[in-house]
Amino acid sequence: MSSTEISPLLENGGRTGHTKLPFTRRAVSFFKGEGEPSWAESFTFFMFGTWFNILLVFIPLSFISHYLDWDAGLIFLFSFMAIVPLAKLLGEATDQLSVRLGETMSGLLNASFGNAVEIIVGVAALLNGQLRIVQTSMLGSILSNILLVLGCSFFAGGLYHKQGIFNSTGAQASASLMTLSCITLVIPAAYASTTRVGLHKDHCGIPEDEGGCPTDGVLFISRGTAILLLGVYCAYLLFQLKTHATLFVAPPEDQNEDQNEEAIEETEPRMGTAAAGVALLSVTVIIAFCAEYLVASIEETAERYSIPKAFIGVVLLPIVGNAAEHVTSVWMAMKNKYELTITICVGSSIQIACFVVPLLVIVGWIVGQPLTLQFHNFETIVLFVSVFLVNLLIMDGKSNYMEGLMLLTLYVVIALACKLSIKPSVTFSSHFSLGGRLK
């Protein structure tokens, strides 16, 4: 190809005598999507690209049933059916963004927008004083991502591809941060269970099943840890996106024979970058509303059918809140894009543990709600063994359907345990008096 006056002299796009365009010109060029599908073409594909979008009719039904105060069962059904196609659209927008932004950045965006549901629901429950719902739903979101979503992704991807390949170093870095966040949840529980000053105050007006009233020591540990975790999460973003970005890129295809046999399916650009970003934001907002209506109807339905609150918080709410990540992650694994799958699943869990939970603790501090990082012993053990299993499975940088089946099995076991009515008062401290003697 012959060179012209505007041809780049270097492969990286450097030009001699090139003047950087003003910000306004670059912004206009970005939103026009020069060289990309137009806005009309983008949203035509987005809305009419699949027959699955016919389920979008449940979105207005979800809003109408909520505001007209219909039966809780109808609100649950309409909201659930509305979230299903919205999750598919969220995955489509993320997939289109990955064409221009790369798998790491698009996976981070998907995790961030997907966790907006957890933040909205968590703040709403926190302002209403539902501390136990906040804790169990956050714990359930972490377990849902690293066990259910990652398990389904490995299993579904393993049915289409004999072996999935991803960067083990980057995955281990993410898993190590997940382990650190797990340890920070163990420390407040150990402090409260093994020290006299960690015992709950007798004059507390908040019932134990709503979180109880923690001591000043537990509050101090939790709030200090929350600030530190927010700092670590900021450092992790810098580590992932700038200083060590190569650790989160898929390994070259020639490193593995199976990878050569099953080439990664490339995504055809059907949407402009700006259009895909607007679509991602819009769908996330609608999902947040539908999820909120669904959450409000779940508790009433659960009371009618005597479903334990632990099961609602750990299993039901996270399944709804993580519906978007679930569909997207499984879809990416089926297309052999395991790097994006790991970023969504593990990255979303890290975001909840190191950003959302600490943020809610600080918000509770501001509004006068004593939310802490002290989880009950059963919940702490469940989180520890889950993170331990995930670390074992991803350390080699490879996945198959058997590993997915292991993760799903552990999730089902935890769900069965949560289905029982677990009394939160069963802790080490409940068996001992202040003098250290058995009660």
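Structure notes:
- Solvent exposure ordering (accessible area, 1.4 Å, most first) of R100, R132: R100, R132
- Distance between modelled label sites at T243 and V385, nm, 7 Å Cα→Cβ extension: 3.6 nm
- Per-residue ³J(HN,Hα) for the stretch 76-89, Karplus 6.51 cos²θ - 1.76 cosθ + 1.60, θ = phi - 60°, Hz, x for Gly and Pro: 4, 5, 5, 5, 4, 5, 6, 5, 4, x, 5, 5, 5, 5
- Derived scalar couplings between HN and Hα for the stretch 125-138 equal 5, 5, 5, 8, x, 8, 5, 5, 5, 4, 5, 5, 5, 5 Hz in order, rounded to whole Hz, by the Karplus curve 6.51 cos²θ - 1.76 cosθ + 1.60 (θ = phi - 60°), x for Gly and Pro.
- Karplus-derived 3J(HN,Hα) values for the stretch 280-289, using 6.51 cos²θ - 1.76 cosθ + 1.60 with θ = phi - 60°, are 4, 5, 5, 5, 4, 4, 5, 4, 4, 5 Hz; glycine and proline are entered as x.
- The calculated FRET efficiency for the pair I187 and V413, based on their C-beta separation and a Förster distance of 22 Å, comes to about 0.30.
- With all protein chains kept in place, the per residue accessible area of the stretch 325-371 amounts to 23 square angstrom at a probe of 1.4 angstrom.
- Within the assembled protein chains, the solvent-accessible surface assigned to L127 is about 100 Å², based on a 1.4 Å probe.
- Residues W331, W365, W70, W51, ordered by accessible area of protein heavy atoms at a 1.4 angstrom probe radius and largest first, appear as W51, W365, W70, W331.
- Remark: spin-label model distance A296-K162 equals 5.3 nm, labels positioned 7 Å along the Cα→Cβ axis.
- Given in Å, the Rg to one decimal and the Dmax to the nearest whole number for the Cα atoms of the stretch 270-424 are 17.8, 52.
The values are calculated or read from the model by the stated rules, or taken from the named source; none is laboratory data. Note that the coordinates shown come from a computational prediction; the quantities given were computed from them, not determined experimentally. Backbone-built Cβ (ideal geometry, glycine too); neighbour counts: all protein chains shown. In case anyone asks, the SASA skips ligands and DNA or RNA and just uses the protein heavy atoms, side chains included. Shrake-Rupley method; radii C 1.70, N 1.55, O 1.52, S 1.80 Å.
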